[in-house]
Amino acid sequence: MAGGGKVKRCMPRISLLSRKEKERIHGKSLDLLQKIGIQFNNKRALKILEAAGCGVNWDNLSATIPSKLVEKALATLPSRFLKAGHDPAKDFIVGDGSLSFVSPGQSTFILDLETNQKRLSTLDDLVETTKLIDAMDEITKFVPLVLPNDVPPPMRMLRAARTVLSLVRKHTVGAVEEEGVTPFLLEMFDAVLGDRARLRERPVYTAIINPSEPFQNGRALVDSILDLAPYQPPIMMQFMTLAGATAPMTEAGNILQENANFLGNMTLYQTAAPGWPIEWSLGTGLLDMKVGRYTAGPENVLSTLALIEMAKFYHVPVATFSSSACDAFISDSFRNGTDYTMCMLMNILAGVDLMWWPGELDGMNMVDLRGMIIGKYAADKLLRIRKGMILDEDHFMADTMVKMGFAGNYLAEPSTKKYYHAEWIKSDLFPPASWESWKESGKNVDDIVKERVAGLLAKYEPPHIAPEVIRELDRIIAAAEKARLA
Amino acid sequence: MTMESILQSMARCVVEGNEELAKDLVHQALQAGSNPHEIINMGFKPGLDEVGIGFERGDLFICDLVMAGQVMQAVMDILTTRQASLNLKTLGKVAIATVAGDIHTIGKSLVGMMLRLNGFTVTDLGADVPTSSIVEYVKQEKPDIIGLSALLSTSTQVQKDVVEALHKADLRNGVKVLVGGAVTSVAWADEIGADGFAEDAISAVRKAKEVLGISD
């Protein structure tokens, strides 16, 4: 509830950890960073950390990180920053108390909307889904929905980047974990922005990193990010600790490991470039002990809640992608609804800054366009819950009640007309209807989904990009193919 | 303890994942005059069978399999120091590796564990294994199957590279190639000329038997 004085808006919130518990997690994390450290597997990173006072083991390429360096890094971490769209009209600020949605992303498989079969995603899927997401007003930050499996693997990330940069007006996110990708990516930003140095004033791109092994990094991944240090596009750090596999089985252990990993990695990049914008993307999970994959569940919800609070404790913007994950294989099922909504609601109540839009099945391996479209139904309702309510004299309407007296008809009351649009959430996807009118329409859910997809694709507006920029992007791709496919 | 109760306790150790007690029971049995074959076949194997049935039924899960595998490994370590070759029947020799550029190991280790539990002889070549090392291993050790794991989408290209390298070295016809990992698929296995794809550790066992023509 809002603070003292006249109450304006009552917004629901949930909290799990006391201040003492947060400090305990923080203290234990610092302890782990001194006892274990992080195995960066990267000499460049270790030189940076050694110069800043870390103990370095040059045999196993790891560093232990002293608490004072972590605290120094936390002090330089920005708590809010710009995420620029390729079209300035799509700019937004993260960390200002608003909630933004990110498209789910980079799945290897797609559930075909026509055949309802699982298949490998293609470049054509990437093109179509990119237009779809760019047309969805609800999503402010774009991640390529699928990987183009019909493109040779060394070129997948770059072809995805080229496709996205030529089609998207929103802020974009991409992975830079492979050796040799960053130089070509920076050339693309030279083409699109005029000069890669403009990334600092117009950060149109977030680099997502997934150091998924506990307390480890890949050499190429760290190099790729350090190559971006002069330009400081925001980094989205995503650890995906898996309880029972790469992290302890307990919730507390899972939370602690993720927290320590975040602090350790954050310290490297803040030491390399103080003030570098970082957001923490939470995807702690549990190993499915039957089939050995990432599982979405209430365990994720609890650990995510705790880590959202730790992110707030550190004043770092926080995103959650558990909201996009679902264990089911079947689209539009009660299972999907349960998994998505459970995560989304709890994340919203905890005050998350960015949330991945629903739309993945089978853990996070398969994109489900049906789920993405129907997800709006849940998102609309949850955003209404997030909005809370206003408790002031106008809204108590006690005087109106006195005026209406016994058996008053509020339908004819001017205040009902005044307030009902704001107070009553109506789904535009499934508009209010009676059973009879629904039956008469003859539409099923698939019809509605396909109509919505067609409508979005018709609504899609490409960005204004000069032909010479497109030619330059294609030249970069050709050069990359020559270098990477030889 | 009677030999009968020692043998029954051995089976329980596998199910419960009790490595320390398992080792103790092995020593007790050997001191009482039992031999390695009796210890494995009458003692621990019934426990292994129970774990396998429990897993299929959904009563036991991956961590139970892993713990059972650790017990068996500890038992075998003791028994092979007593008798260098136990002449245990193997369904086939399998080498597994996470390909070059990829450091993920858990899936591969689970596959190795399941194959061992189901009677295969498994050599784990590790993670981030250079293609040339895989080829050299196949040349020297002549495994029946080489299993290639990849979790990163870029690692799938390396799976393709390994298949091509085996062809180049004229080794491809002598070894079956299975691929696995979250970013691989049946279609990918077909595309690169692998013999099969396994989506998890359980189906890896079925696929291994299938490619070697072993019926259940």
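The values are calculated or read from the model by the stated rules, or taken from the named source; none is laboratory data. Computed from a prediction, not measured in an experiment: that's the story for all the values here. Note: ideal-geometry Cβ built from the backbone for every residue, glycine included; neighbour counts use all protein chains shown.
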Identify the single condition in (1) within 27 Å of B:Asn41 (Cα to Cα); (2) in contact (Cβ under 8 Å) with a residue 40 or more places away in the chain; (3) of a type outside the set (Asp, Glu); (4) part of a strand (DSSP E or B) that B:Leu91 does not satisfy, given that it satisfies every other one. (4)
Among the candidates A:Thr284, A:Thr267, residue that is within 21 Å of A:Cys343 (Cα to Cα) and touching a residue at least 12 places away in the same chain (Cβ under 8 Å): A:Thr284
Restricting the stretch B:160-184 to residues that are within 21 Å of the chain's Cα centre (by Cα) and within 12 Å of chain A (Cβ to nearest Cβ), which is surrounded by the most Cβ atoms within 10 Å (Cβ to Cβ)? B:Gly180
Residues within the stretch B:25-49 that are at pLDDT 90 or above and surrounded by 14 or more Cβ atoms within 10 Å (Cβ to Cβ), tallied: 12
Name every residue in the stretch B:79-102 that is modelled with pLDDT under 90 and either touching a Lys or Arg at 6+ places or on another chain (Cβ under 7 Å) or not hydrophobic (A, V, I, L, M, F, W, C) (or both), in order of residue number. B:Thr80, B:Thr81, B:Arg82, B:Gln83, B:Ser85, B:Asn87, B:Lys89, B:Thr90, B:Gly101, B:Asp102
Which of the residues spanning the stretch A:131-160 are among the aliphatic types (A, V, I, L, M), assigned to a helix (DSSP H, G or I) and more than 14 Å from chain B (Cβ to nearest Cβ)? A:Leu132, A:Ile133, A:Ala135
Given the conditions (1) more than 30 Å from A:Arg9 (Cα to Cα); (2) among the hydrophobic types (A, V, I, L, M, F, W, C); (3) in contact with a Phe, Trp or Tyr (Cβ under 6 Å, 6 or more places away or on another chain), which single one is not true for A:Leu473? (3)
Exclusive hit being farther than 30 Å from A:Glu299 by Cβ and touching a Leu at 6+ places or on another chain (Cβ under 7 Å), set A:Ile93, A:Ile14, A:Ile65, A:Ile25: A:Ile93
The stretch A:29-47, residues that are closer than 23 Å to A:Lys312 by Cα and surrounded by fewer than 16 Cβ atoms within 10 Å (Cβ to Cβ): A:Asp31
Can you tell me which condition A:Met237 does not meet? The list is (1) assigned to a strand (DSSP E or B); (2) hydrophobic (A, V, I, L, M, F, W, C); (3) touching a Leu at 6+ places or on another chain (Cβ under 6 Å), and all the others hold. (3)
How about the stretch A:78-113: which of its residues are touching a His at 6+ places or on another chain (Cβ under 7 Å) and surrounded by 20 or more Cβ atoms within 10 Å (Cβ to Cβ)? A:Lys83, A:Ala84, A:Gly85
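Residues in the stretch A:4-38 that are at pLDDT 95 or above, outside any helix (DSSP H, G or I) and among the basic types (Lys, Arg): how many? Write out each step before concluding.
Step one: list which residues in the stretch A:4-38 are at pLDDT 95 or above, which gives A:17-38.
The next check asks that each one be outside any helix (DSSP H, G or I); those that pass are A:17-18, A:36-38.
Of the ones still in play, those that are also among the basic types (Lys, Arg) are none.
Matching residues across the stretch A:4-38 total 0.
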Which ranges mark the helices (runs of 4 or more DSSP H) fully within the stretch A:399-486 that have 3 or more residues being within 30 Å of A:Glu179 (Cα to Cα)? A:467-484
Please enumerate the residues belonging to the stretch B:1-27 that are of a type in the set (S, T, N, Q) and either part of a helix (DSSP H, G or I) or over 11 Å from B:Met72 (Cα atoms) (or both). B:Thr2, B:Ser5, B:Gln8, B:Ser9
Of the conditions (1) away from chain B (no Cβ under 14 Å); (2) in contact (Cβ under 8 Å) with a residue 60 or more places away in the chain; (3) not polar (S, T, N, Q), the single one that A:Gly363 does not satisfy is (1)
Filter the stretch A:213-242 down to the residues that are surrounded by 22 or more Cβ atoms within 10 Å (Cβ to Cβ) and either hydroxyl-bearing (Ser, Thr, Tyr) or not assigned by TED's automatic domain parsing to the domain that holds A:Gly297 (or both) and list them by number. A:Ser224, A:Thr241
Scan the stretch A:54-62 and give yes if some residue there is under 15 Å from A:Ala260 (Cα atoms), surrounded by 17 or more Cβ atoms within 10 Å (Cβ to Cβ) and in contact with a Gly (Cβ under 8 Å, 6 or more places away or on another chain), otherwise no. yes
A:Met344 fails exactly one of (1) modelled with pLDDT of 85 or more; (2) surrounded by fewer than 19 Cβ atoms within 10 Å (Cβ to Cβ), namely (2)
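Taking the condition buried (at least 18 other Cβ atoms within 10 Å of the Cβ) and under 30 Å from B:Leu65 (Cα atoms), does A:Ser303 pass? Give the steps one after another, and end with the answer.
Working: buried (at least 18 other Cβ atoms within 10 Å of the Cβ): yes; under 30 Å from B:Leu65 (Cα atoms): yes.
Yes; evaluated as a whole, the condition is true for this residue.
Among residues belonging to the stretch B:28-80 that are outside any helix (DSSP H, G or I) and of a type outside the set (Ser, Thr, Tyr), point out the one that is farthest from the other protein chains (Cβ to nearest Cβ).
First, the residues of the stretch B:28-80 that are outside any helix (DSSP H, G or I): B:32-35, B:58-61.
This time we only want the ones that are of a type outside the set (Ser, Thr, Tyr), so: B:32-33, B:35, B:58-61.
Working: B:Ala32: 37, B:Gly33: 40, B:Asn35: 36, B:Gly58: 7, B:Asp59: 11, B:Leu60: 9, B:Phe61: 4 Å.
Only one residue fits best here, namely B:Gly33.
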Across the stretch A:263-298, what is the total count of residues that are at pLDDT 95 or above and assigned to a helix (DSSP H, G or I)? 10
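Go over the candidates A:Ala328, A:Ala306, A:Ala272, A:Ala245 one by one and state the one that is among the hydrophobic types (A, V, I, L, M, F, W, C), closer than 22 Å to B:Leu151 by Cβ and in the same structural domain as A:Gly174 (by TED's automatic domain parsing).
From the options A:Ala328, A:Ala306, A:Ala272, A:Ala245, the qualifying one is A:Ala245.
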Checking B:Ala204 against (1) at pLDDT 90 or above; (2) within 14 Å of chain A (Cβ to nearest Cβ); (3) surrounded by fewer than 22 Cβ atoms within 10 Å (Cβ to Cβ): exactly one of these is not met. Which one? (3)
Could you tell me how many of the residues in the stretch A:166-199 are assigned to a loop (DSSP other than H, G, I, E, B), more than 21 Å from the chain's Cα centre (by Cα), touching a residue at least 24 places away in the same chain (Cβ under 8 Å) and away from chain B (no Cβ under 14 Å)? 0
Collect the residues in the stretch A:112-128 that are more than 14 Å from chain B (Cβ to nearest Cβ) and more than 23 Å from A:Glu177 (Cα to Cα), keeping them in residue-number order. A:Leu113, A:Glu114, A:Thr115, A:Asn116, A:Asp124, A:Glu128
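Go over the candidates A:Pro248, A:Pro203, A:Pro234 one by one and state the one that is more than 13 Å from every other protein chain (Cβ to nearest Cβ) and over 24 Å from A:Ser107 (Cβ atoms).
On the way: A:Pro248 fails: more than 13 Å from every other protein chain (Cβ to nearest Cβ); A:Pro234 fails: over 24 Å from A:Ser107 (Cβ atoms).
Matching residue, one of A:Pro248, A:Pro203, A:Pro234: A:Pro203.
Every residue in the stretch A:215-225 that is within 11 Å of another protein chain (Cβ to nearest Cβ) and outside any strand (DSSP E or B), please.
Taking the stretch A:215-225 as the starting set, the residues that turn out to be within 11 Å of another protein chain (Cβ to nearest Cβ) are A:216-221.
Answer for the stretch A:215-225, where residues must be within 11 Å of another protein chain (Cβ to nearest Cβ) and outside any strand (DSSP E or B): A:Asn217, A:Gly218, A:Arg219, A:Ala220, A:Leu221.
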